[in-house]
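This report refers to the structure that appears directly beneath it.
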There are 2 protein chains.
Amino acid sequence: MTQAAERILHAGLHSKIMTAEQAAEFICDGMTLAVSGFTGAGYPKALPTAIAERAKVEHAAGRPFSVGVITGASTAPECDGVLAAANAIRFRSPFQSDPTLRNNINAGNIAYQDMHLSHVEQQMRQGFYGQFDFAIIEASAITEDGKIIPAMGIGHANEAVKVAQKIIIEINLAQNIKLNGMHDVQADIGTPPFRKPINILHPFDRIGVPYIDCDLDKIVAIVFTDAGDRNSKFAEPDEMSKRIAAQIIDFFSHEVKAGRLPKNLLPLQSGVGNVANAVLAGLMDSPFDDLLGYTEVLQDGMLDLIIAGKMKCASATALSFSPDALQRFNDNIDFLRDKIVLRPMEFTNSPEVIRRLGVIGMNAMIEADLYGNVNSTHIMGTKMMNGIGGSGDFTRNAFFSFFVSPSVAKDGAISCIVPMVSHHDHTEHDVMFIVTEQGMADLRGKSPRQRARLIIDNCAHPDYRDQLHDYFDRAEKAGGLHTPHLLNEALSWHQRFVETGDMRVK
Amino acid sequence: MTQAAERILHAGLHSKIMTAEQAAEFICDGMTLAVSGFTGAGYPKALPTAIAERAKVEHAAGRPFSVGVITGASTAPECDGVLAAANAIRFRSPFQSDPTLRNNINAGNIAYQDMHLSHVEQQMRQGFYGQFDFAIIEASAITEDGKIIPAMGIGHANEAVKVAQKIIIEINLAQNIKLNGMHDVQADIGTPPFRKPINILHPFDRIGVPYIDCDLDKIVAIVFTDAGDRNSKFAEPDEMSKRIAAQIIDFFSHEVKAGRLPKNLLPLQSGVGNVANAVLAGLMDSPFDDLLGYTEVLQDGMLDLIIAGKMKCASATALSFSPDALQRFNDNIDFLRDKIVLRPMEFTNSPEVIRRLGVIGMNAMIEADLYGNVNSTHIMGTKMMNGIGGSGDFTRNAFFSFFVSPSVAKDGAISCIVPMVSHHDHTEHDVMFIVTEQGMADLRGKSPRQRARLIIDNCAHPDYRDQLHDYFDRAEKAGGLHTPHLLNEALSWHQRFVETGDMRVK
């Protein structure tokens, strides 16, 4: 009981300690679960496997067993992966990135709703997902008076324990006990129509308390685990990513000179991925100091900016590090604790706060079209990759909204600049800058046709420019000169890829 | 000078009074103008014609003359119409609805950027549109100390006078002098990253002052006019609109019963059009009292709810009435002045405020697709109708977001439910309810395929249901079972209409 004594200071809760297998018995077919987790951090490590095993037993006995799972964002193989492999998920929202789960979604086995992350907690609260039977959340500790200290990610965990009928907590012994104090979990913001402002006026403002509060009577089980987060290795920025990043950093200098951006820029949001990481790496050697971060997921790049003293502070909902960066985080946690704040995702992704702070949003895309519409989610229009995540929350409300991608994929067989995107996640109304290794298109104050010429000439790969110009020229000749398109050809590049494995016209 | 004495109390400004023709001489080729006006209210009535005449003279002399025009939203024939007819517009943003202007946009003569209205003022302020040479704004009066009292619409007028190098004011004698006090024009909200909250916690909260403040030295001309706003006649709700409206009102009752909506609903936003008007008319005979309005444009329906005591108060950026309703407004202005507040559009359309208040957004659409994506702007994918206006600001941030349309147009030749929308303004991530006269689809918590079946069976016209099921079934068989599509057929309905004038397969 040393573990319990150290991590669960509330004596009354010790009686709830049990094994994951015992706790999984509470979960029944047809239930809806609010499961913590955000981009490979803060997800339960033991319960999902135990529930998956229970599902297999039920299925073997010829009984149905599947649940709805609403998380913060993506989790990991030992959460989404094992549940999907056991055919234990009926409905899933709002974001995922697990290969097994993805394959099941695209095979039609799992109903998946792809959501703006800022909508999730309010829609849980408003009852739009129906009743939540259980919240299953990871924590690093429970205080003497029963307050729950989250671990490396908050996501929707605060809301999960509020709306769920019953709660199961996983105390993860692998998580640093010194995380206590780094969270800012909000108190009540009220119910419409008389909700209060979210008083975050600076990325580091704290508006709540450093713990999750819940009705202790709802806790039916506490399980111990001792396992790391997903902690995927980070690739060193490649040449392609560095070229994209360099343009964004040059552009910042240009905008500072033009007086449209303060000298220390504006709070940075960076999506997950190599290019985002390269931009942050590039800022390390830039002339910009006293940077601020206001992002969903804080990864290696931003951590290193803070440790190096280039970034003053950052707000996020989850910490998602490589194993090396996790080590640096734990080594420096006393230095970092007043420079990093972790919040529920309804605050990190809040349109109110993002617009107020004037965040610079930088997100990866799958493809963009001639007019600046962006597809962030679908492969060839039909198959889900991961989801929109917070990219819409940031893009719509950012001071600057960037979308980045190499200009081609699959050795040139796929162009990331297409006549019409095969799925629309961000429309022409929201997208300001498209950046590839070829160049950048500044779409501010431009009509669709003005955008098209810029995007083709600046961003498309040379192998595709003639093909794009040809489409655009013929579309212009067909009339409808606001947004020229050939409706029977607009998606033909994707169809060609599906049929031949190549978007190029041979 | 009685007119001037009554309407311009600041004596020093009397020297700036001149004719519209004289004032138009200030406007030169290549300039960018911030012109007030929002949905047929608050636009200058005399200057545009004078500028158009000047353009004609210049063109006749073989000299170029065209300007960029950034308004609040749509204006009227005597503003956008005359300028477009004189080929005097080079660039136009963010919204329009004038037939002559629209034709010129679709003929490729005018570059038009269709924008979320909540973005306009901040992008003007941030310099994203470049320099504004002139602001031309309508006002009802100027106070003793040079404060400008707007007329029936504010839109971006407050920002226009701040960013423009020089200002021309049209004092409209036809506007009720008692409008003074009904506006709430905001003071400074600061510059990112340290902008302050927009402290509107209730639709009727006032956070500013009832006038527009400007540097009086920038005023180069004041012109008198005496002409009404656009004041289009309102059609009585037809059977179709009433059937759509009845479903929405029934749904409200259902959600109140389920505890997801307060008894007096939540603040209502209503787009322009017959269906929107029918919903408001329907609320007149509903069991709901103490209603609140938080909308862009306040029209006849909302006015009548307020006069009848069904609605307590409403916030808008413009008043756009039929001639009859204008009479009722003027007759009741003393009763209405503490029940209607007019604000700059960056506040009426603010994501921060809309989400905080939990607004119920109801907007018209051109078409929706199987998965809940909505086209609000384009005819057959290429031609601009009006623009997105504030529909995106409200839809994304609303508590409930409705899109409404009759299920067919052009005597059945066009289905408003299509396999894939020909232009995306609101994505599956933002749209909660699709309503036609056939029925309603509640898309909350549903995956794309679950949505498709609902939308076809509940919303599509019976003439198109088999055709839609056929497409969907074949798309499912093609694989890609998250969002099934046949890429070479997804836009074929629109192509068929372009070629044959009918979306139906004969």
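The GluC sites (Glu not before Pro) of region A:1-110 that DSSP puts in a loop, and whose beta carbon has at most 16 other beta carbons within 10 Å, are A:Glu25.
I'd like the distance separating the alpha-carbon centroids of region A:77-101 and region B:370-414, in whole Å. Answer, in whole Å: 34.
Across region B:71-77, coupling constants 3J(HN,Hα) worked out from phi with the 6.51/-1.76/1.60 Karplus curve, θ = phi - 60°, read 10, x, 8, 6, 10, 6, x Hz, and Gly and Pro carry x. Under 5 Å from the amide H of A:Val418 lie the amide H atoms of A:Ala368, A:Asp369, A:Leu370, each residue being 5 or more positions distant or on a separate chain, with H modelled from the backbone and absent for Pro and chain starts. Remark on A:Asp184: its backbone amide H falls under 5 Å from those of A:Leu342, A:Arg343, a criterion applied only to residues 5 or more positions apart or on other chains, H modelled at 1.01 Å from N. For chain B, the longest principal axis of the C-alpha atoms and the axis of helix B:47-60 are separated by about 90°. Look at where the Cα atoms of region A:198-224 and of region B:157-188 average out, and the two centres are 46 Å apart.
Between A:Ile17 and A:Ile222, the built amide H atoms are under 5 Å apart, and every one of these is 5 or more places off in sequence or on another chain. Helix B:462-477 and the longest principal axis of the Cα set of chain B meet at an angle near 70°.
Only helical DSSP H runs with n ≥ 4 go in: add -39500 (n - 2.57) per run for chain A, normalise by residue count and round the 222 nm mean residue ellipticity to 500 deg cm²/dmol. Before the final figure, lay out each step's value.
Working: 18 runs with 154 residues, N = 506.
Dividing the helical sum by the residues of chain A leaves -8500 deg cm²/dmol.
Pairs of Cα atoms nearer than 8 Å and 6+ residues apart set the relative contact order; for region A:258-345 it is 26 percent. Take B:271-278, B:343-350 and order them by the average number of nearby Cβ atoms within 10 Å per residue, most first; the result is B:343-350, B:271-278. The alpha carbon centroids of region B:479-506 and region B:9-75 are separated by 45 Å. Label-point distances for A:Glu21 to the equivalent site in the other copies, using a point 7 angstrom along Cα→C-beta, read 9.7 nm when ranked shortest first.
At a 10 Å Cβ-Cβ cut-off, how would you order A:Phe335, B:Phe288, fewest neighbours first?
On the way: A:Phe335 11, B:Phe288 20.
Taking fewest neighbouring Cβ atoms as first place, the list is A:Phe335, B:Phe288.
Panel order for A:Met152, B:Met240, by other beta carbons found within 10 Å of each beta carbon, from fewest to most: B:Met240, A:Met152. Backbone phi angles across region A:407-415, fed through the Karplus curve with coefficients 6.51, -1.76 and 1.60 (θ = phi - 60°), yield HN-Hα couplings of 6, 9, 10, 6, 6, x, 6, 10, 8 Hz in residue order; Gly and Pro are listed as x. Quick one: if you stick a label point 7 Å off each Cα along the C-beta vector at A:Asn180 and A:Arg453, how many nm between them? So the label points at A:Asn180 and A:Arg453 sit 6.4 nm apart. Close Lys pairs in region B:354-506, defined as Cα atoms under 26 Å apart and 8 or more places apart or on different chains, number 5. Can you give the angle from 0 to 90° between the axis of helix B:274-284 and the longest principal axis of chain B, with both taken from C-alpha atoms, to the nearest 10? For helix B:274-284, the angle is close to 90 degrees. Take B:Lys410, push a point 7 Å out from Cα through the beta-carbon direction, and compare it with the same point in every other copy: 3.5 nm, smallest first.
Among A:Arg396, A:Arg453, B:Arg496, a tally of other beta-carbon atoms within 10 Å of each Cβ gives an order, fewest to most, of A:Arg453, B:Arg496, A:Arg396.
Cα-Cα over 30 Å: which of A:Lys166/B:Lys257; A:Lys162/B:Lys242; B:Lys16/B:Lys312; A:Lys242/B:Lys162; A:Lys45/A:Lys147?
Values: A:Lys166/B:Lys257 25 Å; A:Lys162/B:Lys242 40 Å; B:Lys16/B:Lys312 41 Å; A:Lys242/B:Lys162 40 Å; A:Lys45/A:Lys147 21 Å.
In this structure, A:Lys162/B:Lys242; B:Lys16/B:Lys312; A:Lys242/B:Lys162 lie more than 30 Å apart at Cα.
Distance between the modelled labels on B:His469 and A:Val209, one decimal in nanometres: 5.5 nm (7 Å Cα→Cβ projection).
Residue by residue along A:445-457, Cβ atoms of other protein chains within 10 Å of the local Cβ number 3 on average.
Using the Karplus relation 6.51 cos²θ - 1.76 cosθ + 1.60 with θ = phi - 60°, the per-residue 3J(HN,Hα) values for region A:246-251 come to 4, 5, 5, 5, 4, 5 Hz, with x marking Gly and Pro.
Let me know the shape class of region B:253-347, please: from the alpha-carbon gyration tensor, a ≥ b ≥ c as square roots of the eigenvalues, rounded when a/c is under 1.5, otherwise prolate if a/b is greater than b/c, or oblate.
Prolate.
Since every read-out is calculated from the coordinates, none of them should be taken as a lab result. Quick caveat, the model's predicted, so the values are computed rather than measured. Here Cβ is always computed from backbone atoms with ideal geometry, including for glycine, and neighbour counts include all displayed protein chains.
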